[in-house]
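Every read-out reported here was derived from the displayed coordinates using simple, explicitly stated rules and does not represent laboratory data. The structure presented is a predicted model; accordingly, all values stated were derived computationally and were not measured. Note that each Cβ is placed from the backbone with ideal geometry, even for glycine, and that neighbours are counted across all protein chains shown.
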Amino acid sequence: MNNDLITIQKIKLQDLVEFARNSLDDPAYGDVSPISLLRAESQSKNPQGEPDDIVLLVAFYKNLCIGYLGLMPGRLTGKHSVSTIYWMITLYLDAGYRGKGYGKRLLSEMQQLGVDLVATGITRNVEGLCRSMGFRHPAELPYYRLHPENTSYLKNAVKHLTPVEKTFFSKPVNQLTEKINTPAARQDSVISFQRDINTINWMIRNPWVVSRQGAQEDVKQYFFSRVRDLFEFVALEIFAPDEQTRKGYLVLSVSRNKNSTTIKILDYYFHDPKDTLIAGYLGMKWSIAYGADRLEYPGGLAAFFENYPDLRQLTKKKKRLYLFCPRSSNSPLAVLAEKVELKYSDSDTAFT
C-alpha cells in the first residue's frame, strides 16, 4: 500500500461534537468510527482543554477511515507552575492496515503538534510502537486488584470496622461541592498531573461509558467500549456524625458486564489523613452491595487492606506503565518527569 495515499485529518476540541455527529451516517466511517458521540460530547466539556486544542487525528486511505489517535488535554502542576500536557487516550488501526507504518504515521503527526505527550494504559504493541518513536522515561504506578471470590471475605473484614460507621455520615451527590484544602507545604512540594474538583465533576456528569438500559443511538463501528450492562459513578461527600462538618469525599465507579462486576475506588480526599480508612471501608461496603467480583484501589490504600490477612491472599499488586514524550529537552514535562507523583485516576482511567 502506498503511504502517499494516507491523509491525516486533525480535529479541534471545538469541532469534535460536530465531527462525531457528521460521521454517524458518513460511509467513509462505515468500517471504522474514530469516536463515539457520547465520548465526543463529554470530551468537549473538558475543563482542562481549550477550543483550538487538537484532540483527534483521523487516518484515511482513499477516503476511507482506517484508524485514529485520540488526545486529551491535561495539566502538569509543578512548584508554583501549571503547564499543558496531552494524554494519548486511543490508538486504533483497522486490522487490514496494520504492520504497514500507518501507526507510526499517526504518532509522527501527533509529535509534530509540538506538545508534551504522556501515554499510559497501553497494550504491549502500542508500547513498542511508542518506544520506537522516542517515548521514554518509563514510570510505573502501583495499584491493587482484590478478587474477593465471594462477599463473605469482605463481610468478615467489615465486621471488624463496625465502630467506623459511628464516626462519619456519607451523602450521595450528583457532583462534589467539597474543596480540596491541601496544606500549603504539600502544594509546594507535589508535582503531579492535575486532578481537581472541576475535573472530577466533569467525569461524574459526563461519562464516556453508560449502562445498556440508558444508551442512546451512537456509532456502530467504534472499537472502545461505550456501553456495559451497568456503569455508574458513585460520588459521596463525607461528614462528621453531626452531618454538617465536612470530612472529605469519595468517588467510586461500578461496572458490570457479562455477569462480572468491578468496583473501583477512584478519587478520595480527607482533611484528616486518619479518616482515609473510610475510603477503604466504603469501598468494601459497596462491593458487598453489588456482589463485586473485583475491587480495585490505589496504592494509597494498600496499608489499610493489608490489615486483613484473608483479603491479602486474594489481592494482586498491579502496575501501570507511563511513557513520556516531551516536546523539547527543556519543556515542563522533560524537566519535571523524574519528580511526577502518579495517581490512580490519571489520564482516562477513571472514565473506563
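When the Cα positions of Tyr249, Gly30, Ala302 are compared along the charge dipole of the chain, Ala302 comes out farthest toward the positive end, with charges on each C-beta of Lys, Arg, Asp and Glu. Expressed as an acute angle from 0 to 90° and rounded to the nearest 10, what is the orientation of the C-alpha long axis of helix 277-290 relative to the principal long axis of the chain? Rounded to the nearest ten degrees, it is 80.
In the range 226-273 the Cα-Cα distances spread across 5 Å bins starting at 0 as 5, 19, 22, 17, 13, 10, 8, 5, 0 percent of all pairs.
Computed on the chain, with alpha-carbon pairs under 8 angstrom and 6+ residues apart, the relative contact order is 22 percent.
Other residues within the sphere of radius under 15 Å centred on the Cβ of His160, judged by their own Cβ, net out at +2 (K and R +1, D and E -1). Placing +1 on the Cβ of every Lys and Arg and -1 on the Cβ of every Asp and Glu, with no other charges, gives the range 142-319 a dipole of roughly 540 debye about its Cα centre.
Compared with the dominant Cα axis of the chain, that is its longest principal axis, helix 102-111 is turned about 70°. Over the range 268-326, all Cα pairs binned in 5 Å intervals from 0 give whole-percent P(r) values of 4, 13, 24, 24, 15, 10, 5, 3, 1, listed from short to long. Centroid-to-centroid, using Cα positions, the range 83-98 and the range 37-81 are 10 Å apart. Considering only Cα atoms, the convex hull volume of the chain works out to 143 Å³ per residue.
Charge dipole (Cα centre; +1 on Lys/Arg Cβ, -1 on Asp/Glu Cβ; no other charges) of the chain amounts to roughly 880 debye. Comparing Ala215, Leu277, Asn198 along the charge dipole axis of the range 142-319, the residue lying farthest to the positive side is Ala215, per the Cβ-charge model.
For the range 15-117, the list of trypsin sites (Lys or Arg not before Pro) that fall in a loop by DSSP and count at most 16 other C-beta atoms within 10 angstrom reads Lys45, Lys62, Lys79, Arg98, Lys100. In percent, what relative contact order does the range 142-319 have, based on Cα pairs under 8 Å that are 6 or more apart in sequence? Here the relative contact order equals 33 percent. Less than 5 angstrom separates the built amide H of Val210 from those of Val227, Arg228, all sequence-distant by 5 or more or on a different chain. Computed from Cα atoms alone, the Kirkwood hydrodynamic radius reported for the range 142-319 is 17.5 Å.
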